[in-house]
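Here is the structure we will look at.
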Amino acid sequence: GLSNSCNTFSENGGGVLKNVNTSLPPIAKFTMPLKQCKTIAIFADNITTQGSYGNGTGASAGCLHEVDYTWYYKKPGDANFTTVASSSSWINSTKDLTIPASFITTSGCWEIKLEAVNPDLCNTVSEVTKTIKIEVPPTATFTITPETPICPNTEIQFTNTSNVINLNC
């Protein structure tokens, strides 16, 4: 007979052995320059670690590495990120992002974000955001104080008024 004691164990079903598959989510990663001129396309090289699922036998042997990627950008002054459509020509076959130079009309600090997720298994979303400083081609300008007339032994002050002063991200 069975006892009601929690210390008693009775095997039923003849014992069952089950394999458990575990998964690792992808880890979003990309590289891009820290700064560049406004006349150059922004290129973000997707180097995401794909993650994995399964280690079964037969048809399910090996690991499944399916990853969905979503790219975003935020222009200087924007409050929110803008999603780049997965069908956009800005995204190539290896899921890198290229924002064309013709689109980069604003200098300043742009933010680029990448999200990666396995759509079927471990649905943990991994994301990374980086900043790139977009600079206008420099134009060297300055002012002179006093402007005129300049006499012998007069101290002259030159003030840098170039278009790239104090552009920090």
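We did not get these values from a lab; they are worked out from the coordinates using the rules stated. Keep in mind that what you see is a predicted model, and the values were worked out from it rather than measured. Backbone-built Cβ (ideal geometry, glycine too); neighbour counts: all protein chains shown.
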List nothing, just return the count: lysine pairs in the stretch 69-169, 8 or more apart or interchain, with Cα separation under 14 Å. 8
Compare the peptides 27-37, 86-96, 153-163 by average per-residue count of other Cβ atoms within 10 angstrom and give them in order, highest first. 27-37, 86-96, 153-163
Nitroxide proxy distance, nm - points 7 Å out along Cα→Cβ at residue 130 and residue 157: 4.2 nm
For the residue pair residue 37 and residue 88, what label-to-label distance in nm results when each label sits 7 Å from Cα along the Cα-to-beta-carbon direction? 2.4 nm
Local electrostatic count at residue 34 - Lys and Arg +1, Asp and Glu -1, tallied over other residues with Cβ under 12 Å: +2
In a shell of Cβ-Cβ distance under 13 Å around residue 122, excluding residue 122 itself, what net charge do Lys and Arg (+1) and Asp and Glu (-1) give? -3
